[in-house]
Amino acid sequence: MPEASFESICIFHILDGLRQGLSHFSSRSRAAVVYAQTRNSPPRICDPQNLLEGHEPKLRDYYLNSNRWRGRLPLGQELDVISSDKAGLDLSGIITLGAHSRPMHYQMWFTEEHPDMCSLGPTSNWLEYAAELVSQNFETCNVMGLDTAGFMLQHCATHAIRNYIVDKRSRLGWMDTQIRVYPFLDAIMGISGTKEEGAWPRGRIVVVEPSQLDQVRFICRFPLHEQPRLFDTKHVRKLLQAVEFSGRVLVSDGSTVLGIAIGPMPGAYLAAQFSGTHGFLWIKDDLVCSFSDGRFLSSNLKANLVQLEEQLLETDLTMEDQHTLLRIASHIVNRVRDRKHGCTLIVDAGASILKTAGQHLEAPLDLQESSQLKLACSLAKLDGGLHIYRDLQLYGFGCLMDGRCVPGENRARGARFNSALRFTAQHEDIVVVVVSSDRPVSIIKNGVELTAQCHFRQIRGLGRPPLLADWVMS
């Protein structure tokens, strides 16, 4: 097979596998790569979904007006990883990771930095896997293994999280550790999917380095021969009932559950917080990822109200009122999503308050007051919308939204969504936030969904990636 043809097939399979894997771990994701096979090769770029569009000036200055990126030829067979800090290529909203190796002298991988990510670490490790696979396949030049390489990158979430945890704990001084991370991650998945008397798990499990256990404040400990194994998920799930809705935690050494404790934990401990249908994984106070529906996710599972923030910026509200109104909306939306029921927020920024059909109040609720904000969260359970005016007060609940049929209605989205489209099409100063019972959040204005997901074109077989110089010029 000609060298250029192998190069095209290799880059295509690995980039496509990376893109699909990251799209399951995060929101829909794109990927791109800049590479040069030898130290004297001109840089080529593969960016089939225009991830790097708008970054051409920086890429031109970095790759075409300088040769610092070429570096030196690695001495051994190992991969010399180039972190984003070391590379000095700062692209807004983009996660980068590069590498030098003998088979592929230089490669720099790119993907999207989503605003709701718990941590960039697992995704960076994922990019490192892509760089390793490129180097390995260019070393052997065996086309038979390329399809497998792409498939591997689609299913790397657990491995990326594990490697990030090991690297993070090593930087914190715990290179010589007795904690095995893979069994703990497997236990998290098993416990999170196990109901007890119809209820999803709640509570916290903490894994402490065995050498640090003498610093743990145990309330009770289990005898050595009666300590439940972490992989016995049904038994551990039952034990979680003893610590749910409390400050108590189950303490493990990574292999068994040792007992129940309270108070701060020592060292670079790992913690899994189970919160019903979802949960979170921590290293000390640093959030690593979330988990839900039997898989790990990069998302912090909080509602992304960026589009609402952008709409508030276009009003004549003061910056302080904009911030407070966004905080109020975020609090209600996240509380509603946690309780697994839908709601609608009618955010009214007009010069005069809009008359809505619904249950009105003799005196509006001041949503800056904690108790009244809690009441608003409870009122959100009722059918209809919460009418929040620009003065940060709630004027009505159970409000009905009506209007004429508009383009873009989607019968698959339900009455809340389609009513919001019609209502906002007739009232230009209104922004409606629709929260579905299965957690998606839609922000609608002027009859248009601002949060509509962009569908990138499908990647098909690619020719040889173009030279970076030609790509920049085009």
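Please state which one of Asp429, Asp338 is farther than 24 Å from Val448 by Cα, of a type outside the set (Phe, Trp, Tyr) and surrounded by 14 or more Cβ atoms within 10 Å (Cβ to Cβ).
Details: Asp429 fails: farther than 24 Å from Val448 by Cα.
Just one listed residue meets the conditions, Asp338.
List pairs: first residue in the range 403-420 and in the same structural domain as Thr356 (by TED's automatic domain parsing), second residue of a type in the set (Val, Ile, Thr) anywhere in the structure, Cβ distance under 6 angstrom, at least six positions apart or on different chains.
Listed pairs, sorted by first residue: Arg416/Thr344; Arg416/Val434; Phe417/Val434; Ala420/Val432; Ala420/Val434; Ala420/Ile444.
I'm checking my understanding of the structure. Among residues of the range 216-235 that are in a helix (DSSP H, G or I) and within 30 Å of the chain's Cα centre (by Cα), which one is surrounded by the most Cβ atoms within 10 Å (Cβ to Cβ)? Give the steps one after another, and end with the answer.
Taking the range 216-235 first, the residues in a helix (DSSP H, G or I) are 224-226, 233-235.
From what is left, the residues that are within 30 Å of the chain's Cα centre (by Cα) are 233-234.
Details: Thr233: 20, Lys234: 11.
The residue in question is Thr233.
Any idea how many residues of the range 341-365 are hydrophobic (A, V, I, L, M, F, W, C), part of a loop (DSSP other than H, G, I, E, B) and surrounded by 15 or more Cβ atoms within 10 Å (Cβ to Cβ)?
Let us first name the residues in the range 341-365 that are hydrophobic (A, V, I, L, M, F, W, C), namely 343, 345-347, 349, 351, 353-354, 357, 361, 363, 365.
So of that shortlist, the ones also part of a loop (DSSP other than H, G, I, E, B) come out as 349, 351, 353-354.
Still in the list and also surrounded by 15 or more Cβ atoms within 10 Å (Cβ to Cβ): 349, 353-354.
Number of matching residues: 3.
Considering only the range 1-15, I want to know if a residue exists there that is part of a loop (DSSP other than H, G, I, E, B) and more than 24 Å from Glu56 (Cβ to Cβ).
Step one: filter the range 1-15 for residues part of a loop (DSSP other than H, G, I, E, B), giving 1-2.
Next cut, more than 24 Å from Glu56 (Cβ to Cβ) only: 1-2.
Within the range 1-15, one or more residues are part of a loop (DSSP other than H, G, I, E, B) and more than 24 Å from Glu56 (Cβ to Cβ).
Identify, please: which residue in the range 77-96 is within 18 Å of the chain's Cα centre (by Cα) and not hydroxyl-bearing (Ser, Thr, Tyr) and is, among those, surrounded by the most Cβ atoms within 10 Å (Cβ to Cβ)? Break it down into steps so the answer makes sense when it comes.
Residues of the range 77-96 within 18 Å of the chain's Cα centre (by Cα): 92-96.
Add one more test, that the residue is not hydroxyl-bearing (Ser, Thr, Tyr), and what stays is 93-95.
Details: Gly93: 11, Ile94: 17, Ile95: 22.
Result: Ile95.
Just to be sure before I move on: is Gln322 farther than 22 Å from Thr177 by Cβ, touching a helix residue (DSSP H, G or I) at 6+ places or on another chain (Cβ under 7 Å) and surrounded by 15 or more Cβ atoms within 10 Å (Cβ to Cβ) in the structure I sent?
Working: farther than 22 Å from Thr177 by Cβ: yes; touching a helix residue (DSSP H, G or I) at 6+ places or on another chain (Cβ under 7 Å): yes; surrounded by 15 or more Cβ atoms within 10 Å (Cβ to Cβ): yes.
Criteria met by Gln322.
Here is a yes/no grid of residues against (1) under 17 Å from Tyr182 (Cα atoms); (2) surrounded by fewer than 15 Cβ atoms within 10 Å (Cβ to Cβ):
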site	(1), (2)
Ser192	yes, no
Lys195	no, yes
Val208	yes, no
Ser255	yes, no
Ala271	yes, no
Gly279	no, no
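So, Leu73, is that one surrounded by 15 or more Cβ atoms within 10 Å (Cβ to Cβ) and either out of contact with any Cys (no Cβ under 9 Å at 6 or more places or on another chain) or β-branched (Val, Ile, Thr) (or both) or not? First the steps, then the outcome.
Details: surrounded by 15 or more Cβ atoms within 10 Å (Cβ to Cβ): no; either out of contact with any Cys (no Cβ under 9 Å at 6 or more places or on another chain) or β-branched (Val, Ile, Thr) (or both): yes.
Answer is no for this residue.
Quick check on the range 30-45. Is at least one of its residues surrounded by 19 or more Cβ atoms within 10 Å (Cβ to Cβ), over 18 Å from the mean Cα position of the chain (by Cα) and hydroxyl-bearing (Ser, Thr, Tyr)?
Applying the first criterion (surrounded by 19 or more Cβ atoms within 10 Å (Cβ to Cβ)) to the range 30-45 yields 30-36, 43-45.
Applying the additional criterion that residues be over 18 Å from the mean Cα position of the chain (by Cα) yields 32-36, 43-45.
Narrowing the set further to residues that are hydroxyl-bearing (Ser, Thr, Tyr) leaves 35.
Within the range 30-45 (the criterion being surrounded by 19 or more Cβ atoms within 10 Å (Cβ to Cβ), over 18 Å from the mean Cα position of the chain (by Cα) and hydroxyl-bearing (Ser, Thr, Tyr)), the answer is yes, since at least one residue qualifies.
Could you please find all residues in the range 366-386 being closer than 24 Å to Ile444 by Cα and part of a strand (DSSP E or B)?
Gly385, Leu386
Taking the range 54-79 as the search range and keeping residues that are part of a loop (DSSP other than H, G, I, E, B) and of a type in the set (A, V, I, L, M), which one is nearest to Pro43 (Cα to Cα)? Give the derivation first.
So in the range 54-79, the residues part of a loop (DSSP other than H, G, I, E, B) come out as 54-55, 65-67, 71-79.
Filter once more, so that each one left must be of a type in the set (A, V, I, L, M): 73, 75, 79.
Working: Leu73: 16, Leu75: 22, Leu79: 19 Å.
So the residue we want is Leu73.
Among the residues that make up the range 269-283, is at least one of them at pLDDT 95 or above and of a type in the set (S, T, N, Q)?
yes
Taking interchain pairs and intrachain pairs at least six residues apart, which have beta carbon atoms under 7 angstrom, with the first residue in the range 26-51 and at negative phi and the second surrounded by 19 or more Cβ atoms within 10 Å (Cβ to Cβ) and among the acidic types (Asp, Glu)?
Ser29/Glu112; Arg30/Glu112; Ala32/Asp47; Leu51/Glu112
Yes/no matrix, rows are residues, columns are (1) at pLDDT 95 or above; (2) touching a Gly at 6+ places or on another chain (Cβ under 6 Å); (3) under 27 Å from His159 (Cβ atoms):
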position	(1), (2), (3)
Leu22	yes, no, yes
Arg28	no, no, yes
Tyr35	yes, no, yes
Arg39	no, no, no
Pro43	yes, no, no
Asn50	no, no, no
Ser66	no, no, no
Trp69	no, no, no
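Against the condition buried (at least 17 other Cβ atoms within 10 Å of the Cβ), in a helix (DSSP H, G or I) and in contact with a Pro (Cβ under 7 Å, 6 or more places away or on another chain), how does Leu213 come out, does it pass? Working first, answer last.
Working: buried (at least 17 other Cβ atoms within 10 Å of the Cβ): yes; in a helix (DSSP H, G or I): yes; in contact with a Pro (Cβ under 7 Å, 6 or more places away or on another chain): no.
When the stated conditions are applied, Leu213 does not pass them.
Just to check your reading of the model, which residue among Ser119, Ser124 is touching a helix residue (DSSP H, G or I) at 6+ places or on another chain (Cβ under 9 Å) and under 16 Å from Gly21 (Cα atoms)?
Result of the check over Ser119, Ser124: Ser124.
The values are calculated or read from the model by the stated rules, or taken from the named source; none is laboratory data. Predicted model only: the values in this text are computed from it and were never measured. Cβ: placed from backbone, ideal geometry, glycine included. Neighbour counts: every protein chain shown.
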